[in-house]
Structures are given as structure tokens and as C-alpha cells.
Amino acid sequence: MEVFLVSLLNGLVYGMLLFMLASGLTLILSMMGVLNFAHASAYMLGAYFAFTLSQHIGFWPALVIAPLLCGLLGAAIEMYGLRRVHRNGHIAELLFTFGLALIIEKVVQMTWGLLPVPYRVPAGLDFPLFSIYGTHFPAYRAFMLLISLLMFGAIWLGLTRTRIGLVIQAALTHPDMVGALGHNVPRVFTIVFAAGTALAGLAGVIGGNYQVTEPAMAFTMGPIVFVVVVFGGLGSLTGCFIASLLMGLIQTFAVVLDYSPADLLKQFGVTVTSATPFHEVLTVPLPRIGALLPFLLLVLILVFKPRGLMGTRDT
Amino acid sequence: MSAETTSTPIATVRAPGLLRRHWPWLAAIAIALLLPWLFFDWTKGRHSGFVLTMLSEIGLMSVFALSFNMLMGQTGLLSFGHAILFGLGGYCTAHALNAVKAGTLWLPVELVPLVGGLGGLVFGAAFGYVVTKQRATAFAMITMGLGELVAACALMFMGFFGGEGGIPTDRMVGTSLVGVDYSSSWQVYCLIVAWVAIATVLMRLQTQTPLGRMANAQRDNFERTQFVGYDPRMIRFYQFTLSGFFAGIGGALYVLVYEIVTFDTVAAAKSATALLATYIGGAGSFLGPFLGTVVVVLLQSGVSLISNAWLLYVGGLFIVMVMFAPGGIMGIVARHEPIARIGRLGELVVPYARILPPGLLSVLGFVTLVELAQLTTIGAAQNKSLAIGGQAIDPHSALPWATGAVMLIGGGLWLRREARVFRVRWDALIEEAKARGLPV
């Protein structure tokens with residue numbers, strides 16, 4: 001039971017972190033049709049910016065400034081890069097962001113080195129908040145949960161209650177019609193791209209010290225965020241939210257449940273020995289498959305339900 | 001006149017015709033075989049190992065990139081996991097070689113790449129059945145997922161993949177058709193050249209088959225392809241499977257050169273290399289990927305000797321290509337064709353000469369900044385230092401940084417001015433070609 005509760009909380013924290021990344025990506029993908037490979041790079045840059053800033057001016061200003069820097073970078077990329085590439089089609093845009101992700105990774109390696117940087121949880125939040133059955137729950141994770149919930153609320157209010165939010169919602173499904181009604185759709189694109197990048201940066205600021213801040217973090221996080229976006233379905237923030245939490249819980253629980261298919265077969269009276277065909281596949285414990293599960297889900301959902309959980313159109 | 005030609009025996013006409021039409025291919029093979037002799041060490045009487053390995057790498061990677069272009073250029077399918085077919089072909093080959101060594105299987109070394117090809121074909125069919133249900137962006141995503149899946153499996157299952165250590169093997173199994181033991185890298189290189197030539201010719205011929213043509217049709221307008229009565233999905237499936245066959249051959253050649261296959265042959269970075277090479281060379285033409293591979297491998301082998309930043313340069317080149325020349329190097333060459341046809345190519349020499357210095361200056365500035373940046377971090381960890389003309393350069397002082405920045409920004413501004421002049425000249429010539437009724 002205590003394993004279940006602790007994993008549930010950890011899964012929620014990780015799922016909300018995923019949602020911060022995925023919400024921006026899903027808006028960009030649904031509106032502009034751009035599969036932004038550099039999105040996870042913004043997450044990495046957020047973490048590194050916050051690391052450098054917190055060394056000079058402390059964590060709290062960095063929490064605000066680092067995402068803003070990422071947002072500015074996103075706006076610049078959209079205005080001077082993506083727009084130019086746009087006329088060559090979606091594949092060219094995708095390749096552009098792919099090249100950008102490569103370059104950002106290299107630049108990060110050159111600026112901060114190949115090894116992980118010591119980006120730590122701020123001292124003010126470095127204490128156990130409460131304990132469940134003897135397991136401490138760090139206050140920082142509660143803070144992460146709080147930030148991501150606040151951000152979720154802000155996105156939701158922004159999209160449903162403000163004028164620009166309504167325009168964005170309309171542009172999600174009918175970009176041409178929105179343009180015909182006299183709205184500046186390219187500017188809306190820039191705003192969404194910048195906001196999405198800033199959100200990814202924010203996720204990096206609070207996720208960088210929760211996980212490890214290293215040059216490979218973008219390429220490990222990126223594919224998982226894609227999985228979340230595809231799983232949730234295009235054009236649906238709700239689907240994205242559900243998929244993020246699901247993915248967070250699946251990955252967290254896979255780590256703690258130490259079972260393998262062989263254990264399942266044992267319930268039916270079949271014992272797996274080294275002589276059984278495929279015994280290596282059957283005896284792999286669940287924690288080791290954990291990293292693999294998101295991609296298995298991605299392949300399965302694209303094959304059987306290309307629209308994802310709550311998507312309104314094909315990917 | 002016409003009577004005379006038709007009365008000539010066909011065989012004598014055709015043979016020189018073949019030679020005349022296909023001489024670039026023969027010349028390419030001749031160059032590939034002659035090139036290592038330029039670097040032959042006559043005092044020691046042996047070939048340069050570095051050059052042979054690099055040329056072999058170019059050969060096997062270009063087979064891989066060409067097979068990638070069967071999907072990207074010809075069928076319009078962007079795959080982010082093509083390396084799984086390359087790597088799995090390699091793993092099949094390594095296991096086959098080990099079986100030959102153990103005596104459980106008899107197979108001449110010359111035919112071993114076929115095993116890799118068949119492995120790639122089988123896995124290509126299995127994966128292709130799943131992934132070709134989608135196209136465009138969804139196809140890119142699903143291949144990425146599959147790529148990550150296989151890469152994760154490669155580290156998980158020891159029996160087939162050998163974990164992080166990979167599967168070591170030995171090409172000197174003593175079953176050669178021509179009595180060569182493949183102990184020297186020159187012998188292996190000749191085998192590689194032969195197989196690269198075979199695979200390239202087969203892929204070239206494949207573009208002219210009905211399947212190859214329908215793949216192009218499917219890429220350009222898949223709804224209309226359906227309307228004509230073809231199933232685009234089956235076209236994608238056959239094309240994917242065949243491309244798996246050639247990727248597998250590439251993987252097999254990799255095993256023959258390095259005598260080991262590790263999990264990074266299936267990893268995403270390998271797929272990315274094929275993508276970069278294909279795009280830089282030009283996906284629109286058949287030989288583009290080949291050209292791109294030469295550029296990428298030269299940068300990889302040459303620059304990585306002196307700098308850690310080769311991938312940054314390749315990535316930068318890639319971005320520039322995506323933004324300014326979506327047709328790649330071959331596309332740039334092809335755009336000169338109408339101007340060459342009206343015989344005015346000479347007028348571009350001066351404009352080109354004028355954009356060259358600012359272009360070089362900004363590239364130099366970029367390289368300076370990149371190298372300075374990497375010297376402070378990665379280079380410092382490796383105890384590397386930079387010296388120009390015996391003068392050591394301190395990456396922590398401001399002067400080198402300022403020089404680099406001035407070169408980059410100044411060169412960039414100058415380049416912009418010259419590019420405008422170039423553009424005017426270029427547009428005038430293109431208009432001229434248009435006026436003469438040439439397709440532009």
C-alpha cells in the first residue's frame with residue numbers, strides 16, 4: 001500500500017512535468033502542423049539557464065527569467081527560421097527543428113561541458129514535507145506539483161477566458177477561417193510558439209534539479225513527450241493532460257513492480273526455464289521494460305487509433 | 001543513311017553505346033579502386049589504414065543513405081528509425097559469420113552481405129507491415145518510436161544483441177570463392193567496392209521499375225494514385241521492405257569492415273546521419289545521398305581528429321541547406337542547368353568570386369567562436385590547446401572572441417550585400433533562360 005501511494009504521488013509529479021512540456025508541443029503541432037523536435041531542447045536550455053542564473057542571482061529570479069529567455073528564443077526561431085522554411089512544407093519545418101535540436105545539444109555541450117552540472121534543489125525547499133509509512137516526500141516535489149497545477153490553471157483560463165485564447169482555439173481547428181476573419185494568424189503562431197517554448201523552459205527549470213541536468217536530457221525526454229502528444233490526440237489539451245498523467249503513472253509504476261511475464265505464466269502453471277523458447281523475453285522484469293513501454297504504446301496507438309485518445313483528426 | 005545504321009549488327013553498336021552511356025559508373029569504380037594508392041606508403045609497402053577505413057565507411061554509409069533515400073526522396077516517407085534495419089542486418093551478418101566460423105553453416109565470405117540484406121528484408125517486411133499504415137508526419141513519428149523500441153531492446157536482450165559489448169565476429173573464416181583470406185583491409189576494401197557498386201546499380205535500376213515510378217506517384221499525389229487503382233499502402237510497404245534489404249547490405253558491410261556490431265548501429269544517431277547525408281547531398285536526385293555521405297564522412301573523420309565539434313558543423317550545414325537550398329548540393333547544381341544551356345554560365349564566375357570572400361570570412365568567424373567555446377569546456381577536459389602559427393591562444397581572453405564575433409557578423413553583413421548583387425545577376429540570367437523557352 002505504501003508503495004502504491006508513494007508511486008502514485010511520484011507518478012503525478014512526473015506526469016505533470018510531462019504535461020508542461022507536452023501542452024506546448026501539442027498546441028504547436030495542432031496549430032502549425034510543425035512537429036517541433038527542438039521542444040525538448042527548450043526544456044534542456046531552461047534547466048541550464050536556471051543553473052547558471054541561480055548561481056548568480058538565486059533560484060527564485062531564475063524561475064521567472066529562464067522561461068522568459070526560452071520564450072524569446074522561441075519567438076526568434078519562429079520569426080526568422082520557421083517562417084522562411086514554411087513555404088517548403090511541413091517536412092522541411094520538421095527537419096529544420098530536428099537540425100536545431102542537434103545544434104542546441106552541441107552548443108550546450110560546448111558551453112557547459114559533457115558532464116552533468118550540479119543544479120540542485122534550492123535550500124529553502126530541501127526538506128521532507130511529510131512521511132507516508134516511513135517514506136519521506138520531499139517538499140520540492142510538492143512545489144513542482146504546485147507550479148504545474150498553477151500553470152495548468154493559467155493555460156486553461158488563458159485559453160477559455162481571454163480573447164487571444166479564443167482566437168488560438170479557433171486557429172487550432174480552422175486556421176484559414178481565422179485568417180479570413182482578419183486575425184493576424186502568423187502573429188498568433190509566434191505567440192503560441194514562444195509561449196510553448198517558455199513553458200518547456202519552465203518545465204526545465206523545475207525538472208532539471210528533480211532529474212539530472214545533462215546534455216543528453218533533451219534526447220531522452222523528447223521522444224517521450226512525442227508519445228504523450230500522439231497518445232493524447234491532436235488538437236486536444238484534455239487528451240494531452242490525460243495522456244501525460246497516464247504516461248507518468250505507467251513509467252513510475254513500471255519501476256517499482258518487479259514482475260516479469262514468467263511470473264504471470266506461473267499463475268497458469270507454466271514454469272519458464274532457460275530451455276523454454278523466448279525465455280529471455282519472458283524473464284525480463286518489468287522495471288527494465290519501463291523505458292520501453294512509452295514507445296510500445298506509441299507504435300500501438302498509431303497503428304490502431306491514429307487519432308489518439310481524444311484527437312479530432314489524424315496525425 | 002538510316003539504312004546503313006540499321007544494317008549494322010546490333011551487338012557491335014550496343015557495346016560501345018553501353019560504354020558511352022554508363023562511363024560515369026565505371027569511372028566511379030575506377031576512382032574508388034585507385035584512390036587508396038594515392039595514400040600508399042611506399043617505404044613500408046602498405047596502405048594507409050585511416051584512408052581505407054574512411055573510404056570503406058563512405059561506401060557502406062552511402063549504401064545506407066541511398067536505401068534511406070528510397071523512402072525519403074522517392075516515396076516521400078521520412079523515417080527516423082531507418083538505422084534499425086541497418087543494424088539488424090549487421091547483427092544477422094555477425095551471427096552468420098560466427099556460424100560459418102563454428103562450422104555449422106557454409107557460406108563464402110563474398111556472399112555474406114546477402115545475409116545482411118535478407119535480414120534487413122525480413123525485418124523490413126515485419127516492421128513495414130506496421131509502419132506503412134501511416135504516411136507523412138505520422139510515419140516519421142511511428143518510425144521514431146520503433147527505432148527507440150529496437151534500440152532499447154538491443155540493450156536488453158543479451159542473446160541476440162550481446163548487450164553493450166555487442167557481437168564481435170571474425171571475417172577471416174577461410175571460405176572465399178576467390179581464394180582471398182581477407183586479412184588485410186585492402187582486400188576487404190575491394191569487396192566493399194564490389195558490393196557498393198552492385199547495391200547502387202540495383203537501387204538505380206529499381207527507380208525505373210513500375211514500383212519505383214509508382215512510389216514517386218504516391219509521394220506526389222497519393223489520392224490520385226488510389227484513384228488510378230493502386231494501393232498506396234502496398235507501394236509504401238514494398239518500398240520499405242526493399243529499402244530494408246539494401247540497408248541490411250549496408251549493415252553487413254559495416255560488420256565486414258569493423259568485425260563487430262554494437263547497439264549504436266541501431267541507435268537514433270545512425271538514422272540521423274543518413275538523414276543529414278541525404279538532405280545535404282540532395283534527396284531529389286539519385287546520387288545526392290552519395291555526395292552527402294562523402295561530405296558527412298569527410299567531416300566526421302577529418303574534423304573529428306582535430307575538433308570535437310564535427311556534428312555541430314554538419315548540423316549547421318544541414319540547417320543552412322534546409323533554409324536556403326532544400327534541394328541539397330545536387331539541387332544547387334541542377335538549378336544552374338538552364339543557365340548552362342543558354343551558354344551564359346561564364347557570367348556567374350565573377351558574382352561567385354565576389355560572394356566567396358565574405359562567405360569564407362563568416363564561416364571562419366563561426367568556426368573560431370565554436371572552437372573557442374569548446375576549448376573552454378570539452379577541450380579543457382581533454383587538455384587540448386589552440387595555437388595558430390606557434391602562438392598559443394588563450395580561450396579565456398577577450399581578443400580571440402572579439403575577432404571571431406567581428407568576422408562572423410562583419411562577414412555576414414558583407415555577404416548579405418554581395419548576395420543581393422548576386423541575386424540580381426542570377427534573376428536576370430534565369431529570365432533570359434525563360435525567355436528562350438527553357439524549363440526553369
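The values are calculated or read from the model by the stated rules, or taken from the named source; none is laboratory data. What you are looking at is a predicted structure, and each value in this text was computed from that prediction instead of being measured. Quick reminder, even Gly has a Cβ in these numbers, built from the backbone with ideal geometry, and neighbours come from all protein chains shown.
Before moving on, here are some points about what is shown:
- Criterion: crowded, with 21+ Cβ neighbours inside 10 Å, within 14 Å of chain A (Cβ to nearest Cβ) and among the small types (G, A, S) - qualifying residue of B:A154, B:A252: B:A154
- Odd one out for B:L177 among (1) buried (at least 17 other Cβ atoms within 10 Å of the Cβ); (2) in contact (Cβ under 8 Å) with a residue 12 or more places away in the chain; (3) not charged (D, E, K, R): (1)
- Any pair with Cβ under 6 angstrom, 6 or more apart, that starts in the stretch A:31-48 at a residue that is farther than 17 Å from A:V108 by Cβ and ends at one that is charged (D, E, K, R): A:V34/A:E93
- Lone unmet requirement of (1) assigned to a helix (DSSP H, G or I); (2) of a type in the set (V, I, T); (3) within 27 Å of A:L8 (Cβ to Cβ) for A:I168: (3)
- The lone criterion from (1) away from every other protein chain (no Cβ under 12 Å); (2) part of a loop (DSSP other than H, G, I, E, B); (3) within 20 Å of A:G222 (Cα to Cα) left unmet by A:V34 is number (1).
- Some residue of the stretch B:2-13 being surrounded by 11 or more Cβ atoms within 10 Å (Cβ to Cβ) and either part of a helix (DSSP H, G or I) or at pLDDT 80 or above (or both): yes
- Matching entry among A:A22, A:A38, A:A47 (being touching a Phe, Trp or Tyr at 6+ places or on another chain (Cβ under 9 Å), within 28 Å of A:M177 (Cα to Cα) and surrounded by 24 or more Cβ atoms within 10 Å (Cβ to Cβ)): A:A22
- Of the helices (runs of 4 or more DSSP H) lying entirely inside the stretch A:58-118, those containing at least 3 residues that are among the polar types (S, T, N, Q) span A:90-112.
- Residue that is within 14 Å of chain A (Cβ to nearest Cβ) and either more than 20 Å from B:L149 (Cα to Cα) or at pLDDT 90 or above (or both), where the choices are B:G288, B:G292: B:G292
Rundown of residues vs (1) among the hydroxyl-bearing types (S, T, Y); (2) at positive phi, yes/no style:
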| residue | (1), (2) |
| --- | --- |
| B:G76 | no, yes |
| B:I84 | no, no |
| B:Y91 | yes, no |
| B:V112 | no, no |
| B:L121 | no, no |
| B:Y129 | yes, no |
| B:R135 | no, no |
| B:R171 | no, no |
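- Scanning the stretch B:278-285 finds one or more residues that are surrounded by fewer than 24 Cβ atoms within 10 Å (Cβ to Cβ), modelled with pLDDT under 90 and assigned by TED's automatic domain parsing to the domain that holds B:N98.
- Within the stretch B:309-351, considering residues that are under 28 Å from the mean Cα position of the chain (by Cα) and not in a helix (DSSP H, G or I), the one nearest to the other protein chains (Cβ to nearest Cβ): B:P326
- Test: residue in the stretch A:52-69 that is within 18 Å of A:G222 (Cβ to Cβ), of a type in the set (A, V, I, L, M, F, W, C), buried (at least 17 other Cβ atoms within 10 Å of the Cβ) and at pLDDT 90 or above: no
- Residues in the stretch A:192-221 that are surrounded by fewer than 24 Cβ atoms within 10 Å (Cβ to Cβ) and assigned to a helix (DSSP H, G or I): A:V192, A:A194, A:A195, A:A198, A:M217, A:F219, A:T220, A:M221.
- Among the candidates B:G59, B:G145, B:G90, residue that is surrounded by 24 or more Cβ atoms within 10 Å (Cβ to Cβ), more than 14 Å from chain A (Cβ to nearest Cβ) and under 29 Å from A:T220 (Cβ atoms): B:G90
- Flag if A:T111 is in contact (Cβ under 8 Å) with a residue 24 or more places away in the chain, farther than 30 Å from A:F143 by Cα and within 13 Å of chain B (Cβ to nearest Cβ): no
- Any hit, the stretch B:61-72, residues being more than 24 Å from B:L211 (Cβ to Cβ), of a type outside the set (F, W, Y) and part of a helix (DSSP H, G or I): yes
- If you go through the stretch A:285-299 and keep only what is of a type outside the set (V, I, T) and facing another protein chain (nearest Cβ under 9 Å), you end up with A:R288, A:A291, A:L292, A:P294, A:F295, A:L296, A:L297, A:L298.
- Residue ID - farthest from the chain's Cα centre (by Cα), chosen from residues in the stretch A:150-165 that are part of a helix (DSSP H, G or I) and surrounded by fewer than 13 Cβ atoms within 10 Å (Cβ to Cβ): A:R163
- Residue in the stretch A:272-289 that is over 27 Å from A:V192 (Cα atoms), modelled with pLDDT of 75 or more and in a loop (DSSP other than H, G, I, E, B) present: no
- Taken together, the criteria exclude A:G99 from residues that are surrounded by fewer than 24 Cβ atoms within 10 Å (Cβ to Cβ), at the interface with chain B (Cβ under 9 Å from one of its Cβ atoms) and in contact with a helix residue (DSSP H, G or I) (Cβ under 6 Å, 6 or more places away or on another chain).
- Among (1) more than 29 Å from B:G327 (Cβ to Cβ); (2) over 20 Å from the mean Cα position of the chain (by Cα); (3) of a type in the set (D, E, K, R) - the single one B:D264 does not satisfy: (2)
- Count of residues meeting criterion [aliphatic (A, V, I, L, M), touching a residue at least 12 places away in the same chain (Cβ under 8 Å) and assigned to a loop (DSSP other than H, G, I, E, B)] in the stretch B:157-174: 1
- Flag for A:G248 being more than 14 Å from chain B (Cβ to nearest Cβ), of a type outside the set (S, T, Y), under 13 Å from the mean Cα position of the chain (by Cα) and under 16 Å from A:Y14 (Cα atoms): yes
- Taken over the stretch A:118-135, residues that are surrounded by fewer than 11 Cβ atoms within 10 Å (Cβ to Cβ), out of contact with any strand residue (DSSP E or B) (no Cβ under 8 Å at 6 or more places or on another chain) and modelled with pLDDT of 75 or more amount to 2.
- Residues of the stretch B:100-110 that are assigned to a helix (DSSP H, G or I) and either in contact (Cβ under 8 Å) with a residue 12 or more places away in the chain or not assigned by TED's automatic domain parsing to the domain that holds B:L85 (or both): B:V100, B:K101, B:V109, B:E110.
- Condition check for B:I192: under 23 Å from B:A83 (Cα atoms), among the hydrophobic types (A, V, I, L, M, F, W, C) and exposed (fewer than 14 other Cβ atoms within 10 Å of the Cβ): no
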